[in-house]
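Asks: A single structure is presented below for examination.
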Amino acid sequence: MNYVRRLRVLSAIASLFLLLVSAGHAAAQGVTTAGIQGVVKDAQGGVIPGAAVTAVHTPSGTTYEAITGADGRFVIPGMRVGGPYKITATLSGFAPDEKDNLTLALGVTQDFEFNLKLAGVSESVQVVAEFNPVFSSSRTGPSTAVTRDDLATLPTVSGRITDITRLTPQYGGSGTFAGQDNRANNVTIDGSYFNNSFGLGTTTGGIGDRTGVAPISLEAIEQVQVSVAPYDVRQGNFTGAGVNTVTRSGTNQFTGSLYYRTRNESFVGKEAAGNAFNPGTFDTKTKGGWVGGPIVKNKAFGFFSYESQLDTRPLSTFRSNLGGEAVAGNVTRVLQSDMSNLSSFLKQNFSYDTGAFDNLPKSTPGKPWMIKGDYNLNSANKITFRYNQLGSSSDVYQSGSSSLGTSRGLLPNNQTLTFNNSTYAILENLKSGIGEWNSVFGSWTNNMIVGYTKQDESRGPKGQSPLFPFVVIGDGVGGALMSFGNEPFTPYNLLRYNTFQLQDSVTRFYKNHSLTFGGQVEKFHSFNSFYFGVQSAYSYNSLADFYTDAQGYVANPNRTTSPVSLPIFQVRYLLQPGQTTPPLQELDVLYSGGYIQDEWRPRSNLTVTAGVRVDSPKFGNTAFPNPAADALTFRNQDGSAVRYSTGALPGTKPRSEE
């Protein structure tokens with residue numbers, strides 16, 4: 001699970017960062033905003049203290065202000081990403097200097113120099129600034145920025161963020177960066193953690209892995225930043241990459257879009273390098289829309305996005321044998337008449353609906369939607385709130401695991417068949433809310449983020465309530481022929497967890513120093529149940545044996561013996577004191593961290609950054625001790641005897657075995 005990785009990353013570690021770079025301010029601008037910095041000079045190249053620098057986000061009218069210090073320098077953090085911006089430097093007695101059409105990148109502080117001429121000099125110069133985060137002096141490590149324009153034009157098949165992050169040179173496939181496991185990444189959206197925290201079924205390391213549905217539509221994303229090794233104490237919880245994303249906001253103009261996309265096998269090539277390729281059959285449809293605009297001009301803005309996705313394709317292409325057909329390709333040895341008669345028998349005698357059995361379909365519906373509001377309290381205080389929700393599921397074929405001893409090769413092949421209601425659906429449902437407050441108080445700035453996320457990745461049954469025994473019918477010689485009943489590992493297979501987070505960062509600006517300090521708290525709580533076999537599992541040697549046993553039960557439900565011999569019978573029951581059905585294993589973890597960082601600028605072309613960050617997890621007492629296991633003696637790597645406590649979870653400090 002992901003806890004092992006988190007423990008290694010977070011357990012009582014202190015990191016010292018020292019970086020020498022060309023003139024610059026912040027090592028990074030956090031995970032939700034951008035910034036600008038620079039110097040104001042006169043015509044002779046001398047610095048000008050006391051000049052006013054005003055940045056206006058043109059689409060929304062949002063205003064940011066700063067005053068240059070004794071060294072003529074200014075810094076404006078916590079700015080809205082994107083643009084265009086108009087930045088003006090002014091001072092009484094001087095003609096203003098203006099830069100227009102400026103775009104800011106997520107997590108980057110852009111550098112600018114303004115030159116003010118005396119007001120009596122008749123000259124008009126308009127500078128059109130360019131967006132170039134690659135050469136920003138605030139860059140302190142490998143990172144990739146993807147803007148709204150890029151997102152609108154880049155091709156994507158899955159509609160997920162991994163189609164975009166693979167542009168990063170350090171990308172290694174399947175969501176990995178710099179050779180690290182994808183679960184070693186830290187994904188944030190608008191500053192809130194968006195990880196697959198439990199770690200099951202991860203293919204990219206983020207939310208959406210279980211069903212393949214994007215939790216937020218790419219149409220609702222403003223910018224994406226991938227940082228591999230940032231020298232910034234505010235960014236942590238990863239050894240792979242920090243994937244920071246901010247969503248779109250409304251502006252002073254009402255804008256919107258409706259879209260419909262479709263894709264099927266006819267859009268896929270049938271040949272690669274002279275080799276035939278069969279893409280199978282599938283049909284993917286996506287429809288959605290977004291709208292943004294002002295609530296109060298220059299003051300409050302709203303944005304809403306909704307998307308409905310549906311992917312359909314075969315779950316299994318195998319079908320029953322009509323009788324006399326060769327067992328080859330997708331034609332199985334299982335007779336259609338046997339499957340039909342068995343389905344009718346179960347319906348008539350046990351009121352159990354098996355569902356279809358030929359060419360089983362797979363359906364993956366998904367509905368992600370998001371609403372966001374921005375409020376400019378004044379030029380020094382900006383408040384943002386976002387809520388998003390995802391409802392999705394994906395059909396999965398019956399498990400071939402032998403843990404219950406009854407599978408005997410039940411994976412899709414031309415030797416066996418199962419019914420549709422013996423498959424299951426994996427769920428991925430999400431509800432997430434996040435609020436952010438950016439403020440400026442003189443030479444102080446503060447960024448506070450509060451969020452809560454609730455996730456459900458349980459298994460969902462398909463027409464299987466109340467519980468019905470799982471039954472495997474053999475072919476008489478040790479192999480499996482068909483199966484029906486509740487999928488063996490789905491009943492009470494629950495995984496639900498929630499995360500609360502709070503982070504606050506404060507920066508104090510001095511003449512040659514910028515001191516940043518703060519902390520964060522993440523409270524994780526999960527409920528997990530894996531109660532397989534509770535519905536009971538039967539294995540019969542033949543279909544005839546099953547009918548004999550089932551008819552005997554129908555004739556005498558109170559019987560105590562069976563007329564046939566079963567190769568395998570299993571049923572699971574609960575003996576854990578104090579537990580209820582379903583049995584739940586809870587996990588309660590508190591991650592906390594604190595940091596401090598100083599940026600010293602001894603010269604205009606030199607910045608020295610040093611910082612320290614300490615993170616530590618604390619596990620709640622939620623384990624169930626097993627005295628019998630605690631009494632066992634094991635051997636560690638050097639052969640020494642060692643015992644373990646099943647009721648003890650990891651502590652906050654690494655410890656050696658005793």
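The values are calculated or read from the model by the stated rules, or taken from the named source; none is laboratory data. Keep in mind that this is a model prediction, so the values were computed, not measured. So basically every Cβ, Gly included, is an ideal-geometry build from the backbone, and we count neighbours across all protein chains shown. Surface accessibility is based on the protein's heavy atoms, side chains included, excluding ligands, DNA and RNA. Shrake-Rupley method; radii C 1.70, N 1.55, O 1.52, S 1.80 Å.
Asks: Looking only at strands (runs of 3 or more DSSP E) that lie completely in segment 212-297, which have at least 3 residues being of a type in the set (S, T, N, Q) and in contact (Cβ under 8 Å) with a residue 60 or more places away in the chain?
Replies: It comes to 221-227, 242-247.
Asks: Could you tell me whether any residue of segment 588-603 is in contact with a Leu (Cβ under 6 Å, 6 or more places away or on another chain), touching a residue at least 12 places away in the same chain (Cβ under 8 Å), surrounded by 14 or more Cβ atoms within 10 Å (Cβ to Cβ) and not hydroxyl-bearing (Ser, Thr, Tyr)?
Replies: yes
Asks: Starting from segment 604-630, keep only residues that are over 30 Å from His513 (Cβ atoms) and free of Cβ contacts under 8 Å to residues at least 24 places away in the same chain, then list their pairs with residues that are hydroxyl-bearing (Ser, Thr, Tyr) and open to solvent by less than 50 Å² (accessible area, probe 1.4 Å) whose Cβ atoms are within a distance under 7 Å, requiring at least 6 positions of separation or different chains.
Replies: Here the result reads none, with nothing in segment 604-630 linked to a residue that is hydroxyl-bearing (Ser, Thr, Tyr) and open to solvent by less than 50 Å² (accessible area, probe 1.4 Å).
Asks: Taking Tyr538, is it aromatic (Phe, Trp, Tyr) and touching a strand residue (DSSP E or B) at 6+ places or on another chain (Cβ under 9 Å)?
Replies: So Tyr538 passes the test.
Asks: Among what's in segment 53-82 and is part of a strand (DSSP E or B) and open to solvent by 30 Å² or more (accessible area, probe 1.4 Å), pick the residue that is nearest to Glu436 (Cα to Cα).
Replies: Thr63
Asks: Also, I was wondering about something else. Pairs, please: C-beta under 6 Å, at least 6 apart or cross-chain, first residue under 11 Å from Val472 (Cβ atoms) and in segment 531-545, second among the polar types (S, T, N, Q) and in a loop (DSSP other than H, G, I, E, B)?
Replies: Final answer for the pair search is Ala537/Thr406; Ser539/Thr406.
Asks: Answer yes or no as to whether Lys454 is surrounded by fewer than 20 Cβ atoms within 10 Å (Cβ to Cβ) and in a strand (DSSP E or B).
Replies: So Lys454 fits the description; yes.
Asks: Another question, then. Can you list the strands (runs of 3 or more DSSP E) lying wholly within segment 463-525 that have 3 or more residues being among the small types (Gly, Ala, Ser) and crowded, with 18+ Cβ neighbours inside 10 Å?
Replies: Passing ranges: none, list empty.
Asks: Checking the structure you have, find out if any residue of segment 183-197 is open to solvent by 40 Å² or more (accessible area, probe 1.4 Å) and either more than 23 Å from Ala229 (Cβ to Cβ) or small (Gly, Ala, Ser) (or both).
Replies: No: segment 183-197 contains no residue that is open to solvent by 40 Å² or more (accessible area, probe 1.4 Å) and either more than 23 Å from Ala229 (Cβ to Cβ) or small (Gly, Ala, Ser) (or both).
Asks: Pick from segment 351-393 the residues that are closer than 18 Å to Phe301 by Cβ and among the hydroxyl-bearing types (Ser, Thr, Tyr): which of them is farthest from the chain's Cα centre (by Cα)?
Replies: Restricting to residues being closer than 18 Å to Phe301 by Cβ and among the hydroxyl-bearing types (Ser, Thr, Tyr), the top hit is Ser379.
Asks: Please enumerate the residues belonging to segment 507-551 that are at pLDDT below 95, of a type in the set (A, V, I, L, M) and out of contact with any Lys or Arg (no Cβ under 8 Å at 6 or more places or on another chain).
Replies: Val521, Ala537
Asks: For Asn298, all conditions in the list (1) surrounded by 17 or more Cβ atoms within 10 Å (Cβ to Cβ); (2) under 30 Å from Ala380 (Cβ atoms); (3) not hydrophobic (A, V, I, L, M, F, W, C) hold save one; what is the number of the exception?
Replies: (1)
Asks: Still on this model: Please enumerate the residues belonging to segment 93-103 that are of a type in the set (Gly, Ala, Ser) and either modelled with pLDDT of 90 or more or in contact with a Cys (Cβ under 8 Å, 6 or more places away or on another chain) (or both).
Replies: Ala95
Asks: Of the conditions (1) surrounded by 11 or more Cβ atoms within 10 Å (Cβ to Cβ); (2) in contact (Cβ under 8 Å) with a residue 24 or more places away in the chain; (3) among the small types (Gly, Ala, Ser), Ser565 fails just one. Which one is it?
Replies: For Ser565, the failing item is (1).
Asks: So the check is Cβ under 8 Å with 6+ separation or different chains; which pairs have a first residue in segment 171-196 that's charged (D, E, K, R) and a second one that's open to solvent by 30 Å² or more (accessible area, probe 1.4 Å)?
Replies: Asp181/Arg5; Arg183/Arg5; Arg183/Thr202; Asp190/Thr384
Asks: List the number of the failed condition for Pro169; all other conditions in (1) touching an Asp or Glu at 6+ places or on another chain (Cβ under 9 Å); (2) assigned to a loop (DSSP other than H, G, I, E, B); (3) open to solvent by 10 Å² or more (accessible area, probe 1.4 Å); (4) farther than 28 Å from Thr516 by Cβ hold.
Replies: All conditions are met except number (1).
Asks: Only one residue in Ser316, Ser320, Ser343 is open to solvent by less than 70 Å² (accessible area, probe 1.4 Å) and in contact with a helix residue (DSSP H, G or I) (Cβ under 6 Å, 6 or more places away or on another chain). Which one?
Replies: When all the criteria are applied, what remains is Ser320.
Asks: Moving on. Hey, can you tell me all the residues within segment 104-126 that are modelled with pLDDT of 90 or more and open to solvent by less than 40 Å² (accessible area, probe 1.4 Å)?
Replies: The answer is Leu104, Phe112, Phe114, Leu116.
Asks: What number of residues in segment 176-196 are touching a strand residue (DSSP E or B) at 6+ places or on another chain (Cβ under 7 Å) and closer than 24 Å to Leu495 by Cα?
Replies: 11
Asks: Restricting to segment 538-562, and then to whatever is touching a Pro at 6+ places or on another chain (Cβ under 8 Å) and open to solvent by 50 Å² or more (accessible area, probe 1.4 Å), can you tell me which residue is nearest to Ser483 (Cα to Cα)?
Replies: Per the stated criteria, the residue is Tyr538.
Asks: Which of the numbered conditions does Tyr573 fail, given that it passes all the others? Conditions: (1) modelled with pLDDT of 90 or more; (2) within 30 Å of Ser542 (Cβ to Cβ); (3) of a type in the set (Phe, Trp, Tyr).
Replies: (1)
Asks: How many of the residues in segment 463-501 are in contact with a strand residue (DSSP E or B) (Cβ under 6 Å, 6 or more places away or on another chain), under 29 Å from Phe194 (Cβ atoms) and not polar (S, T, N, Q)?
Replies: Residues in segment 463-501 being in contact with a strand residue (DSSP E or B) (Cβ under 6 Å, 6 or more places away or on another chain), under 29 Å from Phe194 (Cβ atoms) and not polar (S, T, N, Q): 6 in total.
Asks: Across segment 607-643, what is the total count of residues that are in contact with a strand residue (DSSP E or B) (Cβ under 7 Å, 6 or more places away or on another chain) and either of a type in the set (Val, Ile, Thr) or surrounded by 13 or more Cβ atoms within 10 Å (Cβ to Cβ) (or both)?
Replies: So the count comes out to 17.
Asks: Quick one: count up the residues across segment 141-185 that are within 24 Å of Val268 (Cβ to Cβ) and of a type in the set (Asp, Glu).
Replies: Final tally of qualifying residues: 1.
Asks: Inspect all residues belonging to segment 591-601 and state whether any of them is assigned to a strand (DSSP E or B), basic (Lys, Arg) and over 19 Å from Leu346 (Cα atoms).
Replies: Yes, segment 591-601 contains at least one residue that is assigned to a strand (DSSP E or B), basic (Lys, Arg) and over 19 Å from Leu346 (Cα atoms).
Asks: Restricting to segment 568-578, count the residues that are without any contact (Cβ under 8 Å) to a residue 60 or more places away in the chain and surrounded by 13 or more Cβ atoms within 10 Å (Cβ to Cβ).
Replies: Matching residues across segment 568-578 total 2.
Asks: Further question: Collect the residues in segment 298-350 that are part of a loop (DSSP other than H, G, I, E, B) and within 25 Å of Tyr397 (Cβ to Cβ), keeping them in residue-number order.
Replies: Listed by number, the residues that qualify are Leu315, Ser316, Thr317, Phe318, Leu322, Glu325, Ala326, Val327, Ala328, Gly329, Asn330.
Asks: Here is a check on your reading of the model: is Asn429 assigned to a strand (DSSP E or B), more than 30 Å from Val471 (Cα to Cα), touching a strand residue (DSSP E or B) at 6+ places or on another chain (Cβ under 9 Å) and open to solvent by less than 30 Å² (accessible area, probe 1.4 Å)?
Replies: no
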